[in-house]
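Worksheet for the structure shown next.
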Amino acid sequence: MGKLDELFGVIKGKRPDTEVLTEIEDRLLVDDVPGAIALLEELEKEQNVVIAVRMILRKILRMKESEETEVRFVPLLKQLVPYINGVKNERYRALLLGELAMGFYIIGAELEGDFALKASINLALNHPDVLRDIIMGLINAGLFPKAGYAMKFVKDKEKLDVVLVHLAEVLYERGEAEKALAVIGHITSNFHRAVALLHLAQFEKDRDREKALQFVDWAIKLAERIEDPDARFELMLKLYDLRHEIVGEPLSLSELLARETPEETGQAEDQGPSTGGGSEEP
C-alpha cells in the first residue's frame, strides 16, 4: 500500500488527502467557504491543492451570483493567495492565478485582479498553451479588455489564431457582429479564418439563411488556399456539407472534389458579407 498511500497523499499520523477533499466538498455544499479554505492546510499533494482551490474559487463565484453585496468575497479570495503561491509547479500556479484574477474582476475588485493577472501572465510566458488558456478564460468571462491586454504578451502571433476564432464567435453571439468580423481580419491563417466563418455560418443557419450562405462561401474561398491537403479537404467537406444543409440539398461530392485544389497563394477575393452598413472586408 506504500505507493498508493503516497499517490493519494497519505502521511502517517495525518488524514489522507481524499478524506480532506471530501470534507472540503461537504463544507462547500453548505456554503462554509472559510471552513473549506482552512482545510487546505491539511492537503499534502500539490495536485490536490490545485483541485481544492479551484473548487473553492468556483463556489465563491456561484455564491456571488445570488448576493447583491460583493464586499465579503474579497477577503475570501485573498485568503487563497498563500496557497496558490505555495504551488511549486509553474503551470499550475499560472492557471490558478489566472482564475483568481477572473474572480477578483467578477466581484468588482479590479486592482487585485490586475495584480493577479500580471503575475499569471509572467509565469505563463514560457508556456504558450497556459497563456492561451488564461486568455480563453477571460474571453469566456466577457472580460475582453483584460483578454486584449494578455494577448499583447503572446510572442508568436500565429498562436493567437485559435483564441481569435473563439473571440470572434463569442462577440458575434453577443450581437457585436462588426467587432467579430474585425477580429477575423486579424487572424493570420486561412484555415483559422475559414473556421471562424464556419462558426458564424452555423450560428446564422436557422436565423438568416442568406447571411449564413455568405459566410460559407467566403470561408470556401479561404479554405481553397489552405496548403495542407488533409486540413483543406476536412474543412472543405464541413463547409460544403453545411452549405447544402442550408440550401436543403444533398452534398455533391463531385462539386467538392472539383473545388478541392488550392488556389495560388496571394490575396484572394475574400470579401465579407455586409453587417448592415455595406460590404467590407474585415
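The values are calculated or read from the model by the stated rules, or taken from the named source; none is laboratory data. Everything quoted here is computed from the prediction, not taken from an experiment. Reconstructed Cβ throughout: ideal geometry from the backbone, glycine too, with neighbour counts over all protein chains shown. Heads up: the accessible areas ignore ligands, DNA and RNA and are worked out on the full protein's heavy atoms, side chains in. Shrake-Rupley method; radii C 1.70, N 1.55, O 1.52, S 1.80 Å.
Numbers below:
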{"quantity": "Ala119 vs. criteria out of contact with any Ser or Thr (no Cβ under 9 Å at 6 or more places or on another chain), part of a helix (DSSP H, G or I), modelled with pLDDT of 90 or more and buried (at least 21 other Cβ atoms within 10 Å of the Cβ)", "calculated": "no"}
{"quantity": "Hits in the range 77-99 (condition: of a type outside the set (S, T, N, Q) and in a loop (DSSP other than H, G, I, E, B))", "calculated": "Gly86, Val87, Lys88"}
{"quantity": "Residue check for Leu197: closer than 28 Å to Ile134 by Cβ, in contact with a Gly (Cβ under 9 Å, 6 or more places away or on another chain) and not polar (S, T, N, Q)", "calculated": "yes"}
{"quantity": "Scope the range 168-207; condition more than 18 Å from Lys238 (Cα to Cα) and open to solvent by 60 Å² or more (accessible area, probe 1.4 Å); matching residues", "calculated": "Glu173, Arg174, Gly175, Glu178, Lys179, His186, Thr188, Arg207"}
{"quantity": "Residue within the range 156-164 that is open to solvent by 50 Å² or more (accessible area, probe 1.4 Å) and acidic (Asp, Glu) present", "calculated": "yes"}
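Per-residue answers, yes or no, for (1) at pLDDT below 95; (2) within 23 Å of the chain's Cα centre (by Cα):
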residue: Glu19; (1), (2): no, no
residue: Glu23; (1), (2): no, no
residue: Ala36; (1), (2): no, no
residue: Glu44; (1), (2): yes, no
residue: Ile60; (1), (2): yes, yes
residue: Glu67; (1), (2): yes, no
residue: Leu76; (1), (2): yes, no
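Every residue, every condition in (1) in the same structural domain as Ile106 (by the TED database); (2) touching a helix residue (DSSP H, G or I) at 6+ places or on another chain (Cβ under 7 Å); (3) among the small types (Gly, Ala, Ser), yes or no:
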| position | (1), (2), (3) |
| --- | --- |
| Asp31 | yes, yes, no |
| Leu39 | yes, yes, no |
| Gln47 | yes, no, no |
| Ala52 | yes, yes, yes |
| Leu57 | yes, yes, no |
| Ile60 | yes, yes, no |
| Met63 | yes, no, no |
